[in-house]
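Peer 1: For reference, the structure I am asking about is given below.
The values are calculated or read from the model by the stated rules, or taken from the named source; none is laboratory data. Note that this is a predicted model, so its numbers are computed, not measured. Just the protein is used for accessible areas: all its heavy atoms, side chains included, with ligands, DNA and RNA removed. Shrake-Rupley method; radii C 1.70, N 1.55, O 1.52, S 1.80 Å.
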Amino acid sequence: MTLGAQVRTLRKARGLTQRALAGPDRSVSFISMLEHDRVRPSLATLRLLAERLAVPLTTLLEDQNESPAEAEARLRHGDVLLRQHQFTPALEQYESALAIAERTGDDGLRAQAHLGLGQVLLGLRQFDLAESHLQQAETSGDQLDPRFQALVANARGLLAIRQRAFSQALSHLTRGLTAIRQAQPPDRGLEATILGNLGRAYTSLALPMQALVCYEEARPALEAAADSTGLALLHLNSGVAYIQQRSFDEAARRLHQAAELLQVQENLQLLGSVKRSLGILMLDRGDAADAEPLLRQSLAIAERMADDAGQAQTLTELGRAALAQDRVSEAGRHAEAALRLATRVQDPAETARAHLVLGGVARGRTFLDESASHYREAAEAFRRLEMFKEAGEALRELGFVYLNAGKEGEAAHAFAQAFRAQDVGAAADR
């Protein structure tokens, strides 16, 4: 019996009209088409119908077409929704596919469904659940082709980047790059995606030379595919790497190229990231006043897009800009707001950067003990994240605070730790 026939039989057995089953949130025509198997309901709709028909959800799930073709259709529909960032409906499609795969015992479909669920949950920032599904995808898909293994490794690498576990990200992404280069036929688009994420991990670890190598390797595939979004991201990420190298002219050129592409696409969220990066470029050049309008534009976009992570990053940079112009109270307000948002989205790197700004604010107010506390917290967080360049910066500032407080011994110790951190970072960049 098909799902439609089962729903019709259950409805009539309970004396319900199609209108009663539809209720206030579904149409009568939808119920009619469902009963004639002309529509495929989402998992949320199946839950609703099961409740109104007073049967377990499994009753309706078991009566659906459980062929591999049905599960495959669900997976591909989920993939389309995922690319459109429609995470909730994508989640339903992958859950339905997983239910079919579990009942039919198809390991390949099970692995694909777990991968889809992991990617959706990553988009929803439910990192622990995403990790669980991606681990199951890796286990279930161990015997699948290299392309699938590369997809899983890339998703795990991206999750590690979001969690600021950059060394783990490098491990996953390097494994993914090896796998995709063994795939037949070649998938240059996926290879370029993995290279781009690998570059992001290197940039986060303040290793711009390695990052730029990755971006240049990815460029031909993106250009051949005329992937304007991918090219915009490439220019954006290259610009960030050039800022780290203090190659400011080249950084500006790449960021302006990214902005041109994104304005044509009307991709606001990425455009906000470009404006923030241009603001950081101005700040690092010492042009704090010129940086502020760009950072405020970036903040407005992040607020419009409800992008808490983007707001936190931009507020930290606005705090830096205000501090550079001796507007200490304003810098403190920006950094405190950044700290709250970074804590909410569980971003330890941005939390540490906010503490770095707050250390400067407290130092400007001559609250030296408070300043030292912020710098110590920032340094420890950066060390845990293996962001040694930033750890060295925090420790160097801590040393100056100790000098101002007349604590020469503690200052010498902090400066020694700063030099060691910088040496570790420089060795990794060679």
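Peer 1: Whole Å is fine, so just give me how far the alpha carbon centre of the range 310-358 lies from that of the range 258-295.
Peer 2: 17 Å
Peer 1: On a full-extension model of 0.36 nm per residue, what is the gain between Arg147 and Leu16, subtracting their alpha-carbon distance, rounded to one decimal in nm?
Peer 2: Result for the pair: 42.2 nm of gain on full extension.
Peer 1: Once the Cα atoms of helix 388-404 and of the chain are each reduced to a long axis, what angle between those two axes, in degrees from 0 to 90 to the nearest 10, is obtained?
Peer 2: So the helix axis and the longest Cα principal axis differ by about 40 degrees.
Peer 1: A further question on this structure: Would you mind estimating how fast the chain diffuses translationally, via Stokes-Einstein at 20 °C and 1.002 mPa s with the Kirkwood radius over Cα pairs, in µm²/s?
Peer 2: Working: Rh = 24.2 Å.
Roughly 89 µm²/s, to the nearest whole number.
Peer 1: Find the accessible area per residue for the chain; the probe is 1.4 Å, ligands and nucleic acids are left out, and the unit is Å².
Peer 2: 46 Å²
Peer 1: Additional query: Residue separation times 0.36 nm, minus the C-alpha to C-alpha distance between Asp25 and Arg83: what's the value?
Peer 2: Answer, rounded to one decimal: 18.2 nm.
Peer 1: Let me ask something additional. If you plug each phi of the range 37-46 into the Karplus form 6.51 cos²θ - 1.76 cosθ + 1.60 with θ = phi - 60°, what whole-Hz ³J(HN,Hα) values come out, in order, with x for Gly and Pro?
Peer 2: Couplings: 6, 9, 9, 10, x, 6, 5, 4, 5, 4 Hz.
Peer 1: While we're here: Give the carbon-plus-sulfur fraction of the accessible surface of the chain in %, rounded to a whole number; probe 1.4 Å, heavy atoms of protein chains only.
Peer 2: Taking all protein chains in place, the chain shows 51 percent carbon and sulfur surface.
Peer 1: Residue by residue through the range 310-316, what is 3J(HN,Hα) from phi via Karplus (6.51 cos²θ - 1.76 cosθ + 1.60, θ = phi - 60°)? Round to whole Hz and write x for glycine and proline.
Peer 2: Ordered by residue, 3J(HN,Hα) equals x, 4, 4, 5, 6, 4, 4 Hz.
Peer 1: Between Leu268 and Arg181, what is 0.36 nm times their sequence separation minus the Cα-Cα distance? Round to one decimal in nm.
Peer 2: Taking Leu268 through Arg181 to full extension adds about 28.0 nm, to one decimal.
Peer 1: Now for a separate question. Normalise the Debye intensity by I(0) for the range 368-430, one equal point scatterer per Cα, no solvent, then take log10 at q = 0.22, 0.29 Å⁻¹ and round to two decimals.
Peer 2: One equal scatterer on each Cα of the range 368-430 leads to -0.77, -1.14.
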